1. Would you point out which residue out of A:Lys231, A:Lys209 is surrounded by fewer than 16 Cβ atoms within 10 Å (Cβ to Cβ), assigned to a helix (DSSP H, G or I) and among the basic types (Lys, Arg)?
2. Would you check which residues across segment A:63-97 are touching a helix residue (DSSP H, G or I) at 6+ places or on another chain (Cβ under 8 Å), open to solvent by less than 90 Å² (accessible area, probe 1.4 Å) and part of a helix (DSSP H, G or I) and list them?
3. Please indicate, with yes or no, whether at least one residue in segment A:98-121 is at pLDDT 95 or above and within 16 Å of RNA strand B (Cβ to nearest atom).
4. Can you tell me which residue among A:Ala268, A:Ala243, A:Ala251 is open to solvent by less than 80 Å² (accessible area, probe 1.4 Å), aliphatic (A, V, I, L, M) and within 30 Å of A:Gln167 (Cβ to Cβ)?
5. In segment A:332-361, what residues are charged (D, E, K, R) and surrounded by 14 or more Cβ atoms within 10 Å (Cβ to Cβ)?
6. Restricting attention to segment A:441-452, does a residue exist that is crowded, with 16+ Cβ neighbours inside 10 Å, within 14 Å of RNA strand B (Cβ to nearest atom) and over 30 Å from A:Leu263 (Cα atoms)?
7. For segment A:571-594, check the following and say yes or no: at least one residue is open to solvent by 40 Å² or more (accessible area, probe 1.4 Å), within 13 Å of RNA strand B (Cβ to nearest atom), at pLDDT below 95 and within 28 Å of A:Val409 (Cβ to Cβ).
8. Looking only at segment A:91-107, decide whether some residue is charged (D, E, K, R) and touching a Lys or Arg at 6+ places or on another chain (Cβ under 9 Å).
Amino acid sequence: MNTLSELRDRFEKVLSELTPTPDPFVAMIKPTQDAAFGDFQANCAMPLAKQRGTNPRSLAAEIVGKLDVTDLCHPLEVAGPGFINIRLKDEWLIERINNIVSDARLGIELATKPKRVVIDYSAPNVAKPMHVGHLRSTVLGNALYRVFKFCDHQVVGDNHIGDWGTQFGMILFGYKNLLDVSAFESNAVGELARLYRLVSQLSTYHDAKAELPETIKQHEQYREQREGLEKESDQHQGDKDFAKDLKTTRANEAQWNQQIVALKRIIADIESSSLLKNLADTHPQIAELARLETAKLHAGDEENTRLWNQFVPQCLAAIQGIYDRLDIRFDTTHGESYYNPMLANVVEEMQTKGLAVESDKAICVFIPGNAAPFLIRKSDGAFTYATTDLATIRYRVKDLNADTMIYVVDTRQSEHFRLLFETARLWGYVDRQFVHVNFGTILGKDNKPYKTRSGDTVGLESLLDAAVAKARQIVNENDDRKKDDAGNPTPELDDVTRAAVAETVGIGAIKYADLRHNRESDYVYDEDKMLATTGDTATYMQYAYARVCGIFRRGAINRETLRNEAGHIRFTHPSERALSLQLLRFSEALDGVLSECRPNILTDYLFTTANSFSTFYQECKVLKEQDAAIRTSRLLLCDLTARVIATGLELLGIKTCEQM
RNA sequence: GCGCCCAUAGCUCAGCUGGAUAGAGCAACGGAUUUCUAAUCCGUAGGCCGGGGGUUCGAAUCCCUCUGGGCGUACCA
């Protein structure tokens with residue numbers, strides 16, 4: 001049991017005498033924000049005193065009087081309006097830290113009630129190469145997957161790939177009409193991706209052409225309205241409603257203007273190339289024809305099915321390359337196509353249960369309190385991703401026996417998931433837990449969604465390459481800088497090792513930069529910052545780890561043997577105590593990650609841990625320590641630190657290297 | 001129109017169910033080096049937590065309102 005749980009247990013015994021609902025008060029025992037107040041603090045006396053109508057300070061004193069904690073902490077102090085400050089005894093900390101020295105799990109207990117969890121993450125589209133938009137779901141989902149698994153929950157990582165939608169029709173149409181045969185022979189997936197982009201571009205071109213006149217009309221309308229309002233504005237000085245009106249009109253005008261610019265750009269992109277213009281002219285119905293290909297595929301058309309069976313494995317193999325590089329694995333990869341045979345039945349069931357009704361020829365679930373319906377069959381008879389998601393839920397409950405289903409998906413789909421979960425509950429899945437682990441957008445330095453300079457989405461592969469290349473430079477510089485006592489250069493890493501370190505550092509930097517942010521926030525993608533050699537980066541922790549490995553290498557010390565020897569950790573310097581306390585808090589960090597699905601709690605913990613270690617390492621000699629017992633104690637602390645950091649990083653999907 | 005989210009140091013961001021003097025990192029400035037890997041450590045400075053009101057012992061956090069931004073709004077997934 002971790003320190004915090006132990007304390008809470010002790011408090012609960014006392015608090016339950018004072019209130020029938022001790023839980024929220026027990027939860028108010030937490031690590032101190034400021035070390036000056038001790039190691040932990042209990043803030044429960046104030047609200048409890050309010051509930052009971054007594055004096056908070058005297059209640060705090062009463063709680064302190066009843067608590068039996070003399071074995072683990074110094075006498076408790078009541079401070080301020082009724083805070084209870086808790087300072088752990090060194091003996092107790094020492095006992096705890098020595099307990100985990102030889103514990104393979106570093107004091108992390110297995111879940112007492114393992115859940116059956118399905119984590120749905122990454123979910124790329126087979127039709128197009130993975131891009132920066134897939135990064136967060138992939139990295140975040142995988143980190144959660146690892147933490148759940150480490151804590152012994154039964155987890156299924158499922159990659160719900162998009163292999164069945166409209167985009168696939170575009171590939172089929174492209175393949176049949178626009179194929180570059182030699183390109184396809186040399187790089188099938190690349191050519192398919194090109195075809196997808198091309199068909200998609202041509203069809204948005206026609207859409208844009210069709211939309212433009214109406215868009216211009218709308219813009220005109222708002223422009224006129226705005227001008228009219230501006231003329232009258234003198235007569236409406238101080239009229240709030242009028243001002244608001246004018247503002248909205250201006251905003252609308254600007255918005256439509258933006259739309260015009262966007263459409264014109266799409267059109268210009270095609271028309272500036274005679275080749276593209278020609279293609280566009282020869283395929284005016286391209287969008288419709290692509291949709292037809294999708295429909296044929298869904299209807300079981302022989303040729304399209306054959307092509308689908310040919311393309312999907314190829315595309316998956318290409319995506320797998322990125323997953324291998326990112327060290328990401330799934331237990332199942334059930335794409336949308338997997339659920340296709342179940343969709344008709346889902347709609348039927350929803351209808352017979354009276355949950356779904358026809359509206360405008362479409363089949364919808366209307367959920368009380370929600371304006372937007374949940375559309376499960378389109379007016380043309382095709383199913384939607386809502387239908388697939390419902391079929392997926394049924395599958396995950398019935399076949400996988402999942403009690404918790406986690407979706408790691410962009411926050412923009414919040415409404416979809418709200419409706420989906422609501423529908424699932426109406427459908428009868430009331431005893432299952434559905435969680436939308438939503439996340440924000442990755443922005444460029446212009447604070448707009450991250451794009452290349454020309455406005456294209458950034459491919460994931462090139463993102464990784466760029467980071468690794470940059471890391472390689474840093475690795476080179478750093479290794480070249482190493483010198484011996486006489487000042488002669490002594491680089492330690494050969495070329496192969498440098499390349500491996502660069503890969504670890506570069507990929508780690510990207511993952512860490514993503515995970516350290518609160519997932520719900522947007523964040524600015526900044527390669528320089530994530531690969532900075534100073535500060536809160538993966539590199540900082542990887543470096544701390546490598547330093548420890550260096551100690552054992554130079555000292556020729558076998559870590560296994562060390563752990564099994566008679567020595568133990570003792571405190572001779574405050575930094576040793578601080579580091580130990582920090583190492584003992586690993587499980588608190590993991591609890592936090594699990595309860596909120598927030599890996600940034602773990603990154604924060606690891607940064608603090610690496611920092612505590614660096615401070616300790618600055619203050620305390622290890623190999624050079626003369627006193628054998630102290631030396632062993634410090635070596636044990638180093639070993640433990642390295643294991644905590646490596647384990648923590650591994651749970652985030654970030655690798656370490658012995659030397660860098 | 002309706003709905004959801006955001007605004008915290010010069011910059012990038014934390015801040016868990018309301019808790020003590022609002023924290024990191026970067027950048028700035030000042031220190032530490034016969035380096036057990038300085039990709040390090042220690043310190044200084046930097047804030048009306050967007051504005052206003054409310055709830056209470058106590059608010060960055062909860063409620064209302066205004067301002068400024070983002071996103072979503074039935075047949076794309």
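1. Criteria check complete, one pass: A:Lys231.
2. Those that are touching a helix residue (DSSP H, G or I) at 6+ places or on another chain (Cβ under 8 Å), open to solvent by less than 90 Å² (accessible area, probe 1.4 Å) and part of a helix (DSSP H, G or I): A:Ile63, A:Asp90, A:Leu93, A:Ile94, A:Arg96, A:Ile97.
3. Yes, some residue in segment A:98-121 is at pLDDT 95 or above and within 16 Å of RNA strand B (Cβ to nearest atom).
4. Just a single option satisfies the conditions, and that option is A:Ala268.
5. Across segment A:332-361, the qualifying residues are A:Glu336, A:Glu349.
6. No - not one qualifying residue is present in segment A:441-452.
7. yes
8. Among the residues of segment A:91-107, not one is charged (D, E, K, R) and touching a Lys or Arg at 6+ places or on another chain (Cβ under 9 Å), which makes the answer no.
The values are calculated or read from the model by the stated rules, or taken from the named source; none is laboratory data. The shown structure was predicted, so the numbers you read here are calculated from the model rather than taken from an experiment. As a convention, Cβ positions derive from the backbone with ideal geometry for all residues, glycine included, and neighbour counts pool all protein chains shown. Side chains are part of the model used for accessible areas, which takes the heavy atoms of the whole protein and leaves out ligands, DNA and RNA. Shrake-Rupley method; radii C 1.70, N 1.55, O 1.52, S 1.80 Å.
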